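The values are calculated or read from the model by the stated rules, or taken from the named source; none is laboratory data. All of these numbers come straight from a predicted model, not from anything done at the bench. Using ideal geometry, Cβ is built from the backbone for each residue, glycine included, and neighbour counts are taken over all protein chains shown.
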Amino acid sequence: MLSIVIRVEGMIVVLKRPPEAGEILQGTLDMLILRTLVTGPAHGHTIARVIESTSENALEVEQGSLYPALHRLEDRGWVSSEWGASENNRRAKFYRLTNKGRKELSAASGRWRRMTRAIGLILGESLE
Amino acid sequence: MWLRRFTDRSRKDEDFAEEIESHLAHEQDVNAARGLSPREARRQAYVRFGNPRATRERVWRYRSLPWVEDLWRDLRFALRGLGKTPGFTIIAVLVIAVGIGVNTAVFSVVNTVLLKPLTYPDPQSLVELRNTGPQGSFPGANIPKFNNWHQQAKIFQQAAAYDFGGAGLNITGGDHPEQVQGVHVSADYFAMLGAPVVAGRTFTTAEDSPHGGHVTVLSYGLWKSRFGGDPHVVGSTIQLDGQSYLIVGVIGRNFVTDTPADLWVPFQFDLTSQDMAHYFTVAARLRPGVTLSQANAQLRLAADEYRRIYGKDSLPPNGGFAVVSLQEAMIGDTRSPLLVLLGSVGFVLLIACANVANLLLARASVRKREFATRAALGAGRGQIIRQLLTESLTLSLAGGLLGLILGFLGVRFLLINPGDIPRIGEDGSAVSLDIHVLLFTLGISLLTGILFGLIPAISASRPDLALTLNENGSRSGIGFRSGRLRSALVVSEMALTLVLVIGAALLIRTFVKLQAVDPGFATHNVLSMAMSVSGDRFQKTAPVAQVVRDGTDRMLAIPGVVDVGVTNCLPMAGGFSVPFDILGRPMGNGPFTGGAGFSSISWRYFNALKIPLVRGRSFTEQDDGAAPGVVMINEAMARQYWPKGDPLRDRIQIAPGAGPAFAEGPRQVVGIVGDTHDRGPGQDTFPIMYIPIAQMPDLETALNSRVAPLWWIIRSQVDPHMLAAPITAALRDASGGLPVAHIRTMDEIEARNTARQRFNMLLLTVFGTAGLLMAAIGIYGVMSYSVQQRTQELGIRMALGAQASNLRNMVIRQGMALVLIGVLVGIGGAFWLTRFLAGFLFGVKTLDPVAFLATPMLLSAVALLSIWIPAKRATRVDPMTALRVE
């Protein structure tokens, strides 16, 4: 079960969807992971923390659910992985963005921007 | 690569476990840095992560295909279970393999003969032209009919005539003269059948007219064998019967005709001819959109037109023309025997299914506890049925695979001497495993797997949990329901087997009766061979008669040769028939006195075949063209046309008004000979007229030389095959170098005439025996199982004073009750089903009392034998052991 808890201005919205049905959410998580990897290879723990901290803790990833997404991305060839030593000298599996993944990221962010803009327009009008 | 998702799952899972461990370690480091104790740091890392095991399972499931996994698990389980009981598995697979094997074999023949479309383009529009009459329709045409049909451009795209290479042609000019199958065709033949031309061209209309010159088209086979596939052969010549024939084309390899042709020559009909002799067949291609009934309507008009032009005697008043699909025409009367065979192998398969279902039921009742345990552990009914069906489908597919191999070998065996089945090629070479046969075998394998698997599966999947689990051990007894089911299966096996065996008995009796028929002529140590006299040398009677005389003399000089005869129609190999008038006899209803078989023979013919002279005299060497016309008749003709009078006082006019070929005067009847079964031993004798070869009109000889060879018949003291070399040499000398072909003994020809009956009989006997064996195994299984299950009961009975013989008789009584019910049902079934065999029987009625009495007795005897063993075992039950077991 993929779950993302979104905190927006004090309100807590918990979105729970079965992974196959929640394609928007899944796609969003995929996009966030790919975006995190733009700055360079990272292991799962780092990815989870970066997503949380850069969103100013608005997005809280249940860390366990990150991995099925990572493995799916790897099967699709958007990321590649290899074992290496981490910053505190532990063994960790590092994920690296592939060219295919880079293309997917730009396509996905484009889709996301178009969608949020559309939603923003609608919300803007109705709030007036 | 989407496949990556499903590969290497175990290794990826281990890797993932390590990755999770690494993640938790990093989180722990972060927590420790916040000053938490190691223990608390670890705990909070777990909380933050969630359940690692659940996450691993999620990824594991994501990498799986659920139904494949289930199937694979069921299959592994089935294989393991079957492997644990090899005896059961082997018997079940063998029984299914036999059932499916015979079906595959028979279906592959049915597929080739009945189902495969003709190999010509657009085969549905090809039709054969028929003459219709009160007795049905028959093929055959004369030139005026061909002319009439050829002009029906409204319904036919093309119409073409062809014969079956009856006379044969001789390739001469080399060291080894060779008789080949030369088929006469009209110009449109190749275009109509869409024959592929690999070199040159086919005949032009000009080449197919009288005086069109000597031209020929070669078959692929002859082109390869005789000319080495030389591409420049077109334009060169080949010597046929001493004449140079220009080779104008070569036809491709995949052009298949039912009578294989070595080469083709044009008919060169004179379309103005009034010749009424029928000696070829006509087929046509319908115009697009024209239906059979539209064509037949048009042909009714054509028949009126024909009668108007050629006179009222040219076509009987109730006769006419019609078309049938060419495929139907080729299949002919083979359809119903093949369907009967297919039906009987269906019975064999049903018996096999019943047998395996029985075995599975026995197995399932031993495994009752296993199913109850599974159900108790939460297996749904569907899951148990699926598991059992996987097991039975595994069995049936294994049996199907083995059956395919058996069927493939079996069909070769089956086609060794099948009688004249059309479309199967030389020795059945056209019968092959194609996609239809494979699909058929796969289909019946799946169907049988479900059929014999579902019954036990459903009955086993309804266990009464508490009852079964509380009973002690798997020996808890045969449940009432499954006991009744098994009995019902045995009864149906018995009934099906009885029907098969009664059918086999009827065919065996038919064959015995046929063998007992005296053909009316000698068959032992008699050799026959064909000499084609199709060349220009033999267009007149005198040279033919000269060859006959010379050849007869030379052969009689060979030591071991007893007698020599010549004819244009070999007995039992088809012949001609013509109308005739008896002079001075008032006309009846028809235009002629009657019709009779017609054969031209040499003067020693009756001696050579030991056909007895009943009255009058036989032909002599002096009955030639210069002597007065004579004719001999057989007893059937004397009986039919002279029931009171004396034929020897009468004169006969043969084929009055049948055109110039038969223009001759009346002939005096000089002798009567014994009847011969000319249409095969199963057919009634019929009137036949014989005339001397030396006394035929020239034009009749010319026609005869085109359509029939000279058949030489040599009777010898020793095995005539040993004399074949000197005989052929003598004939070559006598004829100026003509070869002979089709060398066969009359025994072989007679055997060929009963081959169809022999084929049917052998097959049904094999099927019946297989059914009997399976039924015997079936009843043995049921009875010995029931004895085993009732050990305790038998022990108590014995302890209470029952005698061994009482127990034995009790078991036998119960077993034979099942057999009796099966026999009664079977007799009922056979009563209704044997009518489909009526067409194949000779001298036996479909409700033959011998078959209907003897067969049930045979079946009961076999059943009694298989019940005897378990019955005997029942008497050896030791009461003490039996009681202690429980």
> Among the numbered criteria (1) surrounded by 14 or more Cβ atoms within 10 Å (Cβ to Cβ); (2) within 13 Å of chain B (Cβ to nearest Cβ); (3) modelled with pLDDT of 90 or more, which single criterion is violated by A:Gly101?
Replying inline: (2)
> How many of the residues in the range B:254-265 are surrounded by 18 or more Cβ atoms within 10 Å (Cβ to Cβ) and touching a Ser or Thr at 6+ places or on another chain (Cβ under 7 Å)?
Replying inline: 5
> Considering B:Arg412, B:Arg369, B:Arg374, which residue is surrounded by fewer than 20 Cβ atoms within 10 Å (Cβ to Cβ), assigned to a helix (DSSP H, G or I) and in contact (Cβ under 8 Å) with a residue 24 or more places away in the chain?
Replying inline: B:Arg369
>> I need the full set of residues from the range B:122-163 which are surrounded by fewer than 16 Cβ atoms within 10 Å (Cβ to Cβ), within 20 Å of B:Val256 (Cα to Cα) and not charged (D, E, K, R), in order please.
In response: B:Gln124
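Residue-wise test of (1) touching a helix residue (DSSP H, G or I) at 6+ places or on another chain (Cβ under 9 Å); (2) among the polar types (S, T, N, Q); (3) part of a helix (DSSP H, G or I).
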{"site": "B:Ser10", "(1), (2), (3)": "no, yes, yes"}
{"site": "B:Asp15", "(1), (2), (3)": "no, no, yes"}
{"site": "B:Glu40", "(1), (2), (3)": "yes, no, yes"}
{"site": "B:Tyr46", "(1), (2), (3)": "yes, no, yes"}
{"site": "B:Ala54", "(1), (2), (3)": "yes, no, yes"}
{"site": "B:Val59", "(1), (2), (3)": "yes, no, yes"}
{"site": "B:Glu69", "(1), (2), (3)": "no, no, yes"}
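To keep it simple, each residue is scored yes or no on (1) touching a Gly at 6+ places or on another chain (Cβ under 8 Å); (2) surrounded by fewer than 17 Cβ atoms within 10 Å (Cβ to Cβ).
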{"position": "B:Leu527", "(1), (2)": "no, no"}
{"position": "B:Gly535", "(1), (2)": "yes, no"}
{"position": "B:Gln539", "(1), (2)": "no, no"}
{"position": "B:Gly551", "(1), (2)": "no, no"}
{"position": "B:Met555", "(1), (2)": "no, no"}
{"position": "B:Gly575", "(1), (2)": "yes, no"}
{"position": "B:Leu583", "(1), (2)": "no, yes"}
{"position": "B:Met587", "(1), (2)": "no, yes"}
> Would the range B:226-234 turn up any residue that is surrounded by 14 or more Cβ atoms within 10 Å (Cβ to Cβ), closer than 25 Å to B:Ser429 by Cα and assigned by TED's automatic domain parsing to the domain that holds B:Gly140?
Replying inline: yes
>> Condition first: assigned to a helix (DSSP H, G or I), small (Gly, Ala, Ser) and closer than 30 Å to B:Thr334 by Cα. Can you find one or more residues in the range B:124-141 that meet it?
In response: yes
> Checking B:Leu82 against (1) away from every other protein chain (no Cβ under 14 Å); (2) surrounded by fewer than 16 Cβ atoms within 10 Å (Cβ to Cβ), which test does it fail?
Replying inline: (2)
> Within the range B:1-36, can you find the residues that are facing chain A (nearest Cβ under 10 Å), surrounded by fewer than 16 Cβ atoms within 10 Å (Cβ to Cβ) and either closer than 15 Å to A:Arg49 by Cβ or touching a Phe, Trp or Tyr at 6+ places or on another chain (Cβ under 6 Å) (or both)?
Replying inline: B:Ala33
>> Exactly one condition in (1) in contact (Cβ under 8 Å) with a residue 12 or more places away in the chain; (2) out of contact with any Pro (no Cβ under 6 Å at 6 or more places or on another chain); (3) closer than 30 Å to B:Leu169 by Cβ; (4) not in a loop (DSSP other than H, G, I, E, B) is false for B:Ser534; which is it?
In response: (4)
>> So, B:Pro177, is that one touching a Gly at 6+ places or on another chain (Cβ under 6 Å) and more than 23 Å from B:Arg253 (Cβ to Cβ) or not?
In response: yes
> How many residues are in contact with a helix residue (DSSP H, G or I) (Cβ under 7 Å, 6 or more places away or on another chain) and part of a loop (DSSP other than H, G, I, E, B) if we restrict to the range B:796-846?
Replying inline: 5
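Would a scan of the range B:772-779 turn up a residue that is closer than 30 Å to B:Leu514 by Cα and buried (at least 18 other Cβ atoms within 10 Å of the Cβ)? Spell out the reasoning first.
Of the range B:772-779, the ones closer than 30 Å to B:Leu514 by Cα are B:772-773.
Checking which are buried (at least 18 other Cβ atoms within 10 Å of the Cβ) leaves us with B:772.
Checked against the condition, which is being closer than 30 Å to B:Leu514 by Cα and buried (at least 18 other Cβ atoms within 10 Å of the Cβ), the range B:772-779 yields at least one hit.
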> Where residues in the range B:377-400 are among the aliphatic types (A, V, I, L, M) and touching a residue at least 24 places away in the same chain (Cβ under 8 Å), which of them is surrounded by the fewest Cβ atoms within 10 Å (Cβ to Cβ)?
Replying inline: B:Ile385
>> Cβ-Cβ distance below 8 Å, separation of 6 or more or different chains: which pairs start in the range B:816-836 with a residue that is in the same structural domain as B:Leu772 (by TED's automatic domain parsing) and end on one that is polar (S, T, N, Q) and not in a helix (DSSP H, G or I)?
In response: B:Thr834/B:Thr846; B:Arg835/B:Thr846
> So, of the residues in the range A:52-68 that are surrounded by fewer than 19 Cβ atoms within 10 Å (Cβ to Cβ) and modelled with pLDDT of 75 or more, which turns out to be farthest from the other protein chains (Cβ to nearest Cβ)?
Replying inline: A:Thr54
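Rundown of residues vs (1) outside any strand (DSSP E or B); (2) over 22 Å from B:Pro666 (Cα atoms); (3) β-branched (Val, Ile, Thr), yes/no style:
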| residue | (1), (2), (3) |
| --- | --- |
| B:Gly551 | yes, yes, no |
| B:Ile558 | yes, yes, yes |
| B:Asp563 | no, yes, no |
| B:Val566 | no, yes, yes |
| B:Ala573 | yes, yes, no |
| B:Pro579 | no, no, no |
| B:Phe592 | yes, no, no |
| B:Gly595 | no, no, no |
| B:Trp603 | yes, no, no |
>> Checking the conditions here, which among B:Ala199, B:Ala153, B:Ala206, B:Ala195 is in the same structural domain as B:Leu246 (by TED's automatic domain parsing), hydrophobic (A, V, I, L, M, F, W, C) and within 34 Å of the chain's Cα centre (by Cα)?
In response: B:Ala195
> Name the residues in the range B:279-315 that are closer than 30 Å to B:Gly425 by Cβ, of a type outside the set (Gly, Ala, Ser) and surrounded by 18 or more Cβ atoms within 10 Å (Cβ to Cβ), would you?
Replying inline: B:Tyr279, B:Phe280, B:Thr281, B:Val282, B:Arg285, B:Leu286
>> Condition first: surrounded by 14 or more Cβ atoms within 10 Å (Cβ to Cβ), closer than 20 Å to A:Asn89 by Cα and more than 12 Å from chain A (Cβ to nearest Cβ). Now tell me which residues in the range B:37-74 satisfy that.
In response: B:Ala41, B:Arg42
